[in-house]
Amino acid sequence: MAKLNNGILGPLIGKLANVVGYIRLGQPVVRMVPKKLKKKKIRTEAQQAVNLRFKIVKSFISKVKTFVAVGFKLEVAGTTKIAENGAVSYNIKNAVIGEYPDLTLDFAKVMISKGHLPAPLNPIVEMQTGPIN
């Protein structure tokens, strides 16, 4: 059952036949319910390469998800993306190196924060041993 809270011109919320409507990031979205596939299609090597790139980046980004949520927040502001989408998109294009099936993540090229902050003037790095307080 679907609802039209704001009349006929309002967003569709719920399922109506093979169409589902909902609100995502403040935007009304309508999509069709996918058809059920009977056979699993064999994926091409190019498709498998894209899947592997996505898997590599997604597994890394999931571990720093809360940091990425803050670091990419301004980058995706005003769009229908979330911060994680922006981080994954950037890193798939720029941080994955190699040829399929030998793809790896180049940590020197990984970006988990994007914005317009000035670079530090005199950065200093110290190595500590022992427990971190």
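Nothing in this text is a laboratory measurement; each read-out follows from the coordinates by a stated rule. Just so it is clear, the structure is predicted and the values come from calculations on it, not from any experiment. Using ideal geometry, Cβ is built from the backbone for each residue, glycine included, and neighbour counts are taken over all protein chains shown.
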remark   = Across the alpha-carbon set of the chain, Rg over Rh with Rh taken as the Kirkwood radius works out to 1.11
query = When only DSSP loop residues count, what trypsin sites (Lys or Arg not before Pro) in segment 13-58 have their Cβ near at most 11 other Cβ atoms within 10 Å?
reply = LYS35, LYS36, LYS38, LYS39, LYS40, LYS41, ARG43
query = Within segment 84-102, whose backbone N sits under 20 Å from a point 7 Å along Cα→Cβ of THR44?
reply = 93, 99-102
query = Summing Lys, Arg as +1 and Asp, Glu as -1, what charge do residues with Cβ under 12 Å from the Cβ of VAL76 carry, VAL76 excluded?
reply = +1
remark   = For segment 4-92, averaging the sequence separation of alpha carbon pairs under 8 Å that lie six or more residues apart and dividing by its residue count, the contact order in percent is 17 percent
request  = Divide the volume of the convex hull of the Cα atoms of segment 45-105 by its number of residues and quote the answer in cubic angstrom per residue.
outcome  = 77 Å³
ask   = In degrees between 0 and 90, to the nearest 10, how far off the longest principal axis of the chain does helix 83-94 point, with axes built from Cα atoms?
value = 60 degrees
inquiry  = Test of the criteria: in segment 59-133, which trypsin sites (Lys or Arg not before Pro) are in a DSSP loop and have at most 16 other Cβ atoms within 10 angstrom of their Cβ?
reply    = LYS73, LYS81, LYS109
note = From DSSP H assignment alone, runs of 4+ in the chain each adding -39500 (n - 2.57), the sum over residues rounded to the nearest 500 puts [θ] at 222 nm at -9000 deg cm²/dmol
key: 10 Å Cβ shell holding at most 16 others, DSSP loop, GluC sites (Glu not before Pro): longest site-free stretch of the chain   = 1-98
note = Going through LYS65/LYS109; LYS40/LYS81; LYS15/LYS36 one by one, the pairs whose alpha carbons sit over 21 Å apart turn out to be LYS40/LYS81
note = Ranked from fewest to most other Cβ atoms within 10 Å of their own Cβ, MET127, MET111 fall in the order MET127, MET111
ask   = So, with +1 on the Cβ of K and R and -1 on the Cβ of D and E, and no other charges, what is the size of the charge dipole of segment 1-88 about its Cα centre, to the nearest 20 debye?
value = 640 debye
key: Degrees between helix 45-63 axis and first principal axis of the chain (Cα, 0 to 90, nearest 10)   = 70 degrees
query = In nanometres, what is the gap between the two model label sites at ILE23 and SER89, each 7 Å from Cα along Cα-to-Cβ?
reply = 2.3 nm
